[in-house]
Structure formats: C-alpha cells, structure tokens
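The values are calculated or read from the model by the stated rules, or taken from the named source; none is laboratory data. These figures come from a predicted structure and were not determined experimentally. Cβ coordinates were reconstructed from backbone atoms using ideal geometry, including for glycine residues, and neighbour counts include every protein chain displayed.
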Amino acid sequence: MIKRIHKLSSLLANQIAAGEVIERPSAVVKELIENSIDAGATKIEIDIEQGGLRLIRIRDNGSGIHPDDIPLALNRHATSKIQSTDDLFNIQTLGFRGEALASIASVSRLALTSAQVKGSGFRIVSEPDAIAQAIMPAAHSPGTTVEVSDLFFNTPARRKFLRSEKTEFLHIDELIKRIALAVFHIEFILKHNEKIVRHYFPATDAASISERLAALCGAEFVNHAVTVEANGAGMQLTGWLALPTFSRSQADMQYFYVNHRMVRDKLVMHAIKEAYQDVLYRDRHAAYILFLDVNPMQIDVNVHPTKHEVRFREGRVVHDFLFHAVHDALAHTASSTTETPATCTHSLHSHEVPKIISQQVYAMDAVVAEKIPAKAILKEQLQLYGRLHETVAATTHVSSPELKQSISEPPLGFALGQLHGIYILSQTSKGLVLVDMHAAHERILYEEMKRVLQQSSLAKQQLLVPLTFTLSEHEADCMEQAEDVFQQFGFSFSRLTHTTVAVREVAQLLTHAPLEQLIRDIIADILTHGQSSRAQEQMHRLLGTLACHASVRAHRQLSIIEMNALLRDMEKTEHAGQCNHGRPTFMELSLPELDKLFLRGR
C-alpha cells in the first residue's frame, strides 16, 4: 500500500528537532546557558541531579522574559533574536533559531519562571502532548529559571543509549568549562546532587583572569602558556598558546571560539596544527585557548544543527591569518625579554658563516641539494666559534664589577661552565639558566638551513624512469590546476590521459620520499583546505635530521667562548625555546626558586 503524504504532528516534529540538538543532558545545558548569556546574565547557577536525567535547573540574573511572551517562548521557532532574513547574515547571539525550548519540552517535563522586575515573576509548566498550563504569578528575582526533569522519559530508546550518571555529568562539567573560558565576566556555580562541584568567579583584571584560567585549565597550563594578540584582514586573534613543553597525548585541551561561539572547525585545526608542526613531536598535540573575532557577515553559523561548526566566506584568508599569528607568537618565545646587546653582535648568522653555508656545496648520498648546508660544513661552525666571538669572550672574563655592570646583560646571561659535557650553566641577574647544548644547537642549525633553503632556488633531479600513476579525474584536474604549487617544490609532470599523470622531475631533497603517496596527500590537502604543506614538511623533516646529526654532541667539551656564542645564537633564533622535536632547550631557575630549595630566609 502506497502511503500518503501527511503533516507531522507538532509533538513529533519537535521530537525530531530534539534528536538533532538534544543528544544528551549536556546538550540541554548548553542550549539553556546560551539563552542566559544572550539575556545578559552575569551569574548563572546550574543544578544537576543524577547526571541530568532527573533534573537540570538553570537560573540566571539576565533581563528576563516579558509576561506576555512566556507562553510563546515554548513554541517552536519563536525568538527575539532575529527579525528578518538580513539578520541571519549578521548573527551576534549564541542562539537564534528559537527551537531549543520547544525541542527540550518535547522530551521532558519543563517549567519556566521568569521576571523582569523583582518579585513580579510568572511561571509556566509544559509537558509533552499536553496543553500548556496558563502562566501563574511566581516570586522570582530579575532573570529566568528553567527546570528540565525526567529527560527522555517519553523516548526510552534514546534514554537507553545514555552513559552512566558519572559520565553524563563529566560531559556537563566539560561543557561548563568550555563556556566559562569564553565569558570570563560571568560567574558560574555548578552543583551535582546538591553539592557544589565548581565555582568560577567572575574575572575582569589580569590577576583574576589568571586565577580563573588556572582553575579551568590548571596552573601548569598558565605557567607554560604565552599570550597571542594579532590583527589583520579585518580579524583579531587573542588568547593563550601552550608552549611545546606542555604538549598533550590527546587533543583534549584545544579550545577555539569564533565570536565567542565554541567551534570545532577543520580549517582552523589545520592552520594551528601547521603552525605547531616545527616544534612538536609527530604524535603530540598542542594545547591552546584562542578567540577569533570576525565580522558576522563573513561567517555562516547555521551550517550544523548543534552550531559546532561555522563556514568562513574567505576560508583561505582565515587559514593564513591563523597560521601566521600562531607561528609568530611561538617563534619569539625563547628570549623575547630584551634585544641582544650591541656588545654581543657576533653570531652564527653573521660575517663568514652564512657565506660559507651559502657558497660551499657538499654531496651526501645525492640527497642534499645545491646551496643547502651539509653535515661536514655544519660541523665546521663550532670550530669558527672561537674566532667569531672574541668580543663575547672579553665581556665574559671582565674582572671589574663596575665594567661588568656597564655591559648590558643578554637575556640568557653569560656562561659559567659545562655540566657533564651536556648542559651549559649560565648566570643572569635573575638567577641560573641551564641549556641543553645539543638541543639548542640543533634548533639553531635547523632554522639556519630553512633560511638558506628559502633563499636559494631548489636543485632538481630528473627521474631516470618517469613516475606514472593513476588518479581520479577530479584529482588529476586538481593537480593540473595547482601546477604552480607543485612547481614550488620541484615537481615537473605531464597529464597523459584524463586519469594518468607522469612525474618527470622532483626536488633533490625529495628524491627518497614516497613520491606517489606524497602527491596524493598534497592533492587531498588542496581539495580539503585549498593548500598543502606536505612537500615542505618532507623537506623540513630531512633538514631536521641533518641538523640533529650535525649539531654538537653530548660530552663535547666547549670553551667559555663557544658556550657564550651558542647562547647569543639562541637569542637570535626563532623557536629557540624548543629543539626540532619539541623538547625544551633551556630552563631557568630564579633566585627565589633557588633560595626555596635551600630553605634560605626561613
């Protein structure tokens, strides 16, 4: 029998909508708290019982709801946040569809109490498939309280898929944390089974913000984070980036907000991952809290039922802005306190050394391209330290206290000696600096090789037998259209058929790379993100290996002159705080920390 088309009942339509946005108790909490924030609340109390299945109560001190609008608030697609089609392209609130309360009410027993004037509140109770009761007067301070009880009582199949009470509450706890990170001025009180579990106090100045950040993400995150503030292309990025020394085994501390709306966006994650790639182990994940402010007209927040995703009108511009902002913030974390003094201007990057690097050619297994520094040349740099840093030596051995005071102290201080042939001990006015000389030198050489690679034309190598492989027609079109991208990395190819491509020439640095897989990955990146850095990553991986092998090894005895030369080079090198694998290159112990170790002053 052919079934006829019919209109769904309002209850069934609301339950279908609830299935899209109300996956579990935490989704209810999210929708209700977003309403409270949109209402201008500065204090939000969340009461949870049995992981949210028995009760979810959200109380705020926002603007409240007009008595005449309270019944309408429970209707589907009833909202005060948009008035016309134009408003959909300029959304500045967290909620806007007007379906949350109706969807929640269709799978629970809901009560709403609200007041705009102290003491003059009104209450309405709603149950699925029942006529809503008339509103009744109720004492309530300005603001709104929504009580959701017996969630999913009328949809047992969905209730059956929920986890334990503890697990569901953990989801709520994490949600509150994510929201509290976006609105520091709002106070949050979270209770579970009548016990206060979290109390996040409002933060309006630097000290209180730091305290709240520590309460939300831990003191270690605060201690290992640097701030970022960047403007460009009509956008602003602010927040905190954890140094690579605070990397995670999981991507569990990555919080990104667009106009204070928390999102999980592939384009955003790709840009930040690329910015961190030079300072993290391959299987480690960065930690960050970032806020992107962009013109609402440039984004579409209505692309996902739960509003966890956004679509950028200029995705490539956003990607590049995020990459450069994060990369630049991380690149200057090693010694950004002061500039290197004029008395210590000699370094690895000046006078003879760059000339030697750029002019000498050394073939190593036919992998290292022309003008790229090689193992033997790089090892010679340590021998040059003594000749290049006589000025540093003079300042180090000054005996007159008055003369020492007249010399500006560099950020990493002056070397005192070596510890077990592995670490350099350096003294600053603030305390003691310990430097892993191999890790530090590795970063210096790696950044120098990248610089030379960027400034030199890539040496190419013709393949004896062209690499021929088959792609889909869409992939082959993409490769052909992005020919300039492939040419940047030395690829020369021709399209034999609609689906067959022959690669005839590659950069020498990529000779031993898995070329077919690399090309396929580049195409996939371009189709997904509009660009790819795979070939560059392969080159940098090789340069990192060369830098590791060429840098000074453990147990190599260095003179004071060589140690100070290494310190000065660190101060002028991007990402000098970490080696190429993400390990720290130096640690600093302040005088108070040293005094504490020896119980001085007690």
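Provide a single number: the residues in the range 469-482 that are acidic (Asp, Glu) and loosely packed, with under 13 Cβ neighbours inside 10 Å.
1
Which of the residues spanning the range 562-602 are over 15 Å from ARG443 (Cβ atoms) and surrounded by 21 or more Cβ atoms within 10 Å (Cβ to Cβ)?
GLU562, MET563, ASN564 - these are the residues of the range 562-602 that are over 15 Å from ARG443 (Cβ atoms) and surrounded by 21 or more Cβ atoms within 10 Å (Cβ to Cβ).
State the number of residues belonging to the range 35-87 that are outside any helix (DSSP H, G or I), more than 30 Å from PRO156 (Cα to Cα) and not acidic (Asp, Glu).
Step one: of the range 35-87, the residues outside any helix (DSSP H, G or I) are 39-49, 53-66, 74-84.
After this cut, where a residue has to be more than 30 Å from PRO156 (Cα to Cα) as well, the list is 39-44, 60-66, 80-84.
Remaining after also requiring not acidic (Asp, Glu): 39-44, 61-66, 80-84.
Going through the range 35-87 one residue at a time, the tally reaches 17.
Run down ALA18, ALA41 and say which single residue is modelled with pLDDT under 80 and buried (at least 20 other Cβ atoms within 10 Å of the Cβ).
ALA18
Which one of the conditions (1) surrounded by 18 or more Cβ atoms within 10 Å (Cβ to Cβ); (2) of a type in the set (S, T, N, Q); (3) over 30 Å from LEU515 (Cβ atoms) does SER559 fail to meet, given that it meets all the rest?
The single condition SER559 does not satisfy is (1).
A quick yes/no check of all residues on (1) of a type outside the set (Phe, Trp, Tyr); (2) within 25 Å of ILE172 (Cβ to Cβ); (3) part of a loop (DSSP other than H, G, I, E, B); (4) modelled with pLDDT under 90:
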position: GLU211; (1), (2), (3), (4): yes, yes, no, no
position: VAL226; (1), (2), (3), (4): yes, no, no, no
position: ASN231; (1), (2), (3), (4): yes, no, no, no
position: GLU274; (1), (2), (3), (4): yes, no, no, yes
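In the range 165-210, which residue that is hydroxyl-bearing (Ser, Thr, Tyr) and without any contact (Cβ under 8 Å) to a residue 60 or more places away in the chain is surrounded by the fewest Cβ atoms within 10 Å (Cβ to Cβ)?
Here the answer is THR204.
With respect to LEU237, determine if the residue is in contact (Cβ under 8 Å) with a residue 24 or more places away in the chain and outside the structural domain of THR93 (by TED's automatic domain parsing).
yes
Determine whether the range 549-556 contains at least one residue that is farther than 28 Å from LEU432 by Cβ and either surrounded by fewer than 16 Cβ atoms within 10 Å (Cβ to Cβ) or at pLDDT below 80 (or both).
Yes, the range 549-556 contains at least one residue that is farther than 28 Å from LEU432 by Cβ and either surrounded by fewer than 16 Cβ atoms within 10 Å (Cβ to Cβ) or at pLDDT below 80 (or both).
Inspect all residues belonging to the range 535-550 and state whether any of them is hydroxyl-bearing (Ser, Thr, Tyr) and in contact (Cβ under 8 Å) with a residue 24 or more places away in the chain.
Looking for residues that are hydroxyl-bearing (Ser, Thr, Tyr) and in contact (Cβ under 8 Å) with a residue 24 or more places away in the chain, one finds none in the range 535-550, hence no.
Right, GLU49: in contact with a strand residue (DSSP E or B) (Cβ under 7 Å, 6 or more places away or on another chain) and either buried (at least 18 other Cβ atoms within 10 Å of the Cβ) or not small (Gly, Ala, Ser) (or both) or not?
Yes, satisfied.
If only one of LEU216, LEU162 is in a loop (DSSP other than H, G, I, E, B) and either buried (at least 17 other Cβ atoms within 10 Å of the Cβ) or not assigned by TED's automatic domain parsing to the domain that holds PRO71 (or both), which one is it? Before the answer, list the steps.
On the way: LEU216 fails: in a loop (DSSP other than H, G, I, E, B).
Step by step, each of LEU216, LEU162 is checked, and only LEU162 is in a loop (DSSP other than H, G, I, E, B) and either buried (at least 17 other Cβ atoms within 10 Å of the Cβ) or not assigned by TED's automatic domain parsing to the domain that holds PRO71 (or both).
Pick from ASP300, ASP278: which is among the acidic types (Asp, Glu) and under 28 Å from GLN538 (Cα atoms)?
Matching residue, one of ASP300, ASP278: ASP278.
I'd like to verify a number: residues in the range 239-259 that are surrounded by 16 or more Cβ atoms within 10 Å (Cβ to Cβ) and either among the charged types (D, E, K, R) or touching an Asp or Glu at 6+ places or on another chain (Cβ under 8 Å) (or both), how many?
Residues that pass the stated criteria total 4.
Need pairs with beta-carbon distance below 8 Å; first residue under 30 Å from LEU496 (Cα atoms) and within the range 447-475, second modelled with pLDDT of 90 or more and in a loop (DSSP other than H, G, I, E, B); sequence gap 6+ or separate chains.
Qualifying pairs under 8 Å: THR468/LEU496; THR470/THR499; LEU471/THR499; SER472/THR499; GLU473/HIS498; GLU473/THR499.
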